[in-house]
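Working notes, beginning with the structure itself.
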Amino acid sequence: WYQRRVRGLQRIYLPVSQKTRSPHSICQEFGDIEVLRAPREIKEAEIQKDLLYIEEQEGAINFKFGVLYRKKGQSTDNEILCNNDITPSFEKFLDLIGEKVALKGFNEYRGGLDVKGDTTGTHSYRTVMEGKHIMFHVANLLPFSKDNPQQVERKRHIGNDIVNIVFQEEDDEFDPTCFRSQMSHIYASVTYKVEQDCYLLRVFNEEAVPPYGPEIAAEYTDHEHFRRFYLSN
């Protein structure tokens, strides 16, 4: 059973019982809510379908995140999506959050990437965190077209990722509104500070994203702690 609140989703598990329980008695299991009116069972097929989808998402074990490399001063999604460099600092970050895998023949969660004909690139990065499989859509590893400044093939994957990671090597102000996507709701800006050997993390949410916690700290000198904290949230 789920209860959606301002501070997030609360889930409880009830033991299987042959005794029929009323919606009101189930609501009381949440403990600290006041039931102002009698709950009713939802019988509309479309609403039941939507609620089932929400429940499936809460139990999802597969995720796909976009990863982009942004150079200082770049202010449009076309500029960022045209980057092909894998600099040492960027590669260090990718190796921190995941492992590089060859896509052809890859038989685990692929996040929509082609694992037969290399039409979406030859390699990508993936990881498993607390039993959850994550495939990263690294823009620089997706097919690049010299004749297409909008990089439609890259945008097809990145633009459909709910969470996008934007890696920077210089602490330059990042404006997430430069990306035009109806699907992407969270942008995480990660800046690697070479002299301090630390990662600076900033997170930008769409207004529609409900509050969630814990609060995300600013700088991380412990790289493994940064990885675990970042991926688990």
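The values are calculated or read from the model by the stated rules, or taken from the named source; none is laboratory data. As the structure is a computational prediction, the values presented were derived from the model and not from experiment. Virtual Cβ from ideal backbone geometry, glycine too; neighbours counted across all protein chains shown. All accessible areas refer to the heavy atoms of the entire protein, side chains included, with ligands and DNA or RNA removed. Shrake-Rupley method; radii C 1.70, N 1.55, O 1.52, S 1.80 Å.
A few remarks follow.
- Set 19/64; 92/116; 49/104; 104/146; 155/193; 19/43 screened for pairs whose C-alpha atoms are more than 31 Å apart: 19/64; 49/104
- FRET efficiency, residue 19 to residue 45 (Cβ-Cβ, R0 41 Å, nearest 0.05): 0.95
- In this Cβ point-charge picture (+1 for Lys and Arg, -1 for Asp and Glu), the stretch 79-233 has a dipole of about 840 debye about its Cα centre.
- Under 5 Å from the amide H of residue 129 lie the amide H atoms of 134, each residue being 5 or more positions distant or on a separate chain, with H modelled from the backbone and absent for Pro and chain starts.
- Using the Karplus relation 6.51 cos²θ - 1.76 cosθ + 1.60 with θ = phi - 60°, the per-residue 3J(HN,Hα) values for the stretch 76-90 come to 10, 5, 5, 4, 5, 6, 8, 6, 10, 5, 10, 6, x, 5, 5 Hz, with x marking Gly and Pro.
- Within the accessible area of the stretch 72-185, the carbon and sulfur atoms contribute 48%, probe 1.4 Å, all protein chains present.
- Radius 10 Å from Cβ of residue 134, net charge of other residues (Lys, Arg +1; Asp, Glu -1): +3
- Across the stretch 112-124, coupling constants 3J(HN,Hα) worked out from phi with the 6.51/-1.76/1.60 Karplus curve, θ = phi - 60°, read x, 7, 7, 10, 10, x, 6, 6, 10, x, 9, 9, 8 Hz, and Gly and Pro carry x.
- Spin-label zone in the stretch 81-112 - amide nitrogen under 17 Å from a point set 7 Å from the Cα of residue 119 along the C-beta vector: 103-106, 110-112
- Here the simple spin-label model places points 7 Å from the Cα toward Cβ, and for residue 79 and residue 180 these points are separated by 1.6 nm.
- Summing Lys and Arg as +1 and Asp and Glu as -1 over all other residues whose Cβ lies under 12 Å from the Cβ of residue 151 gives a net charge of 0.
- The alpha carbon gyration tensor of the stretch 80-160 gives principal lengths a ≥ b ≥ c with a/c of 1.5 or higher and a/b no greater than b/c, which makes the shape oblate.
- Applying both filters, DSSP loop and at most 12 other Cβ atoms within 10 Å, to the GluC sites (Glu not before Pro) of the stretch 108-182 gives 108, 130, 170, 173.
- Under Karplus coefficients 6.51, -1.76 and 1.60, residue-wise ³J(HN,Hα) of the stretch 192-197 in Hz, glycine/proline x: 8, 9, 5, 4, 8, 6
- Note on residue 218/residue 162: beta-carbon distance plugged into 1/(1 + (r/R0)^6) with R0 of 22 Å gives a FRET efficiency of 0.40.
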